[in-house]
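First the structure, in the form of structure tokens, and then the observations on it.
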């Protein structure tokens with residue numbers, strides 16, 4: 001009985017490895033990039049807050065533009081410190 005359970009487990013592991021391999025082959029045949037499966041968001045480049053050093057997404061960050069240069073901040077407090085209001 002133990003032998004049957006171990007053989008069944010081995011069969012399941014080999015079958016799973018085979019299907020993962022075939023999934024990769026099919027994905028490559030479609031021209032998809034490795035690691036970019038459906039549902040994964042692309043990487044976002046982060047910027048560094050010049051006051052506290054926190055890394056933030058430019059989309060979600062507060063910004064301040066002066067003299068053609070844009071700075072991104074994690075909070076209103078950091079933006080105020082940078083602009084000299086506090």
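Quick check on the chain: helices-only [θ] at 222 nm, where DSSP H runs of length 4 and up contribute -39,500 (n - 2.57) each and the sum goes over total residues. Nearest 500, please.
-14500 deg cm²/dmol
Just to be sure I understand, if you calculate P(r) over Cα pairs in 5 Å bins from 0, in percent for this structure, which of [x] 3, 10, 12, 18, 20, 19, 13, 5, 1, 0; [y] 3, 12, 13, 11, 8, 6, 7, 8, 8, 7, 6, 5, 4, 2, 1, 0; [z] 3, 15, 27, 29, 19, 6, 1, 0 do you get?
[y]
For residue 66 and residue 20, calculate 0.36 nm times their separation in residues minus their Cα-Cα distance, and state this gained length in nm to one decimal.
11.4 nm
How many nm separate the modelled label positions at residue 6 and residue 43, each set 7 Å beyond the Cα in the direction of the Cβ?
With each label point 7 Å from Cα toward Cβ, the separation is 4.4 nm.
Once the Cα atoms of helix 2-30 and of the chain are each reduced to a long axis, what angle between those two axes, in degrees from 0 to 90 to the nearest 10, is obtained?
Long axis of 2-30 versus the principal axis of the chain: about 50 degrees.
With an 8 Å cut-off on Cα pairs and a minimum separation of 6 or more residues, tell me the relative contact order of the chain in percent.
Once divided by the residue count of the chain, the mean separation gives 17 percent.
We did not get these values from a lab; they are worked out from the coordinates using the rules stated. These numbers come from a predicted model, not from an experiment. Counting neighbours? That spans all protein chains shown, and the Cβs are built from the backbone with ideal geometry, glycine included.
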